[in-house]
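Working notes for the structure below.
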Amino acid sequence: MGKMTQEQLADRWQISPRTLEQWRWLGKGPKFLKIGARVLYRDEDVEPPT
């Protein structure tokens, strides 16, 4: 089970990290884990199932 940071996911999806921040604030976007001050996204929550 891999995890990626907000910056890594933004690079993968070719969007701004601020977009991910706005989505979290609005309750949209992929599921995320908040660990202290860090925000992580699990691979299975951001990749389509194969």
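Before moving on, here are some points about what is shown:
- Residues of the range 33-50 that turn out to be free of Cβ contacts under 8 Å to residues at least 24 places away in the same chain, of a type outside the set (A, V, I, L, M) and under 13 Å from Thr5 (Cα atoms), as a count: 2
- Residue list for the range 1-35, filter: polar (S, T, N, Q), assigned to a helix (DSSP H, G or I) and out of contact with any strand residue (DSSP E or B) (no Cβ under 6 Å at 6 or more places or on another chain): Gln8, Thr19, Gln22
- Residue check, Leu40 under 10 Å from the mean Cα position of the chain (by Cα), surrounded by 14 or more Cβ atoms within 10 Å (Cβ to Cβ) and outside any strand (DSSP E or B): no
- Neighbours by Cβ (under 8 Å, 6+ apart or cross-chain): first from the range 1-21, of a type in the set (Val, Ile, Thr); second surrounded by 15 or more Cβ atoms within 10 Å (Cβ to Cβ): Thr5/Val39; Thr5/Leu40; Thr5/Tyr41; Thr19/Ala10
- Every residue from the range 20-32 that is farther than 18 Å from Glu47 by Cβ, surrounded by 10 or more Cβ atoms within 10 Å (Cβ to Cβ) and not charged (D, E, K, R): Gln22
All of the numbers you see were taken from the coordinates with simple rules; none came from a lab. Remember, it's a predicted structure, so these values are computed and weren't measured experimentally. Positions of Cβ are generated from backbone atoms using ideal geometry, with glycine treated the same way; all protein chains shown enter the neighbour counts.
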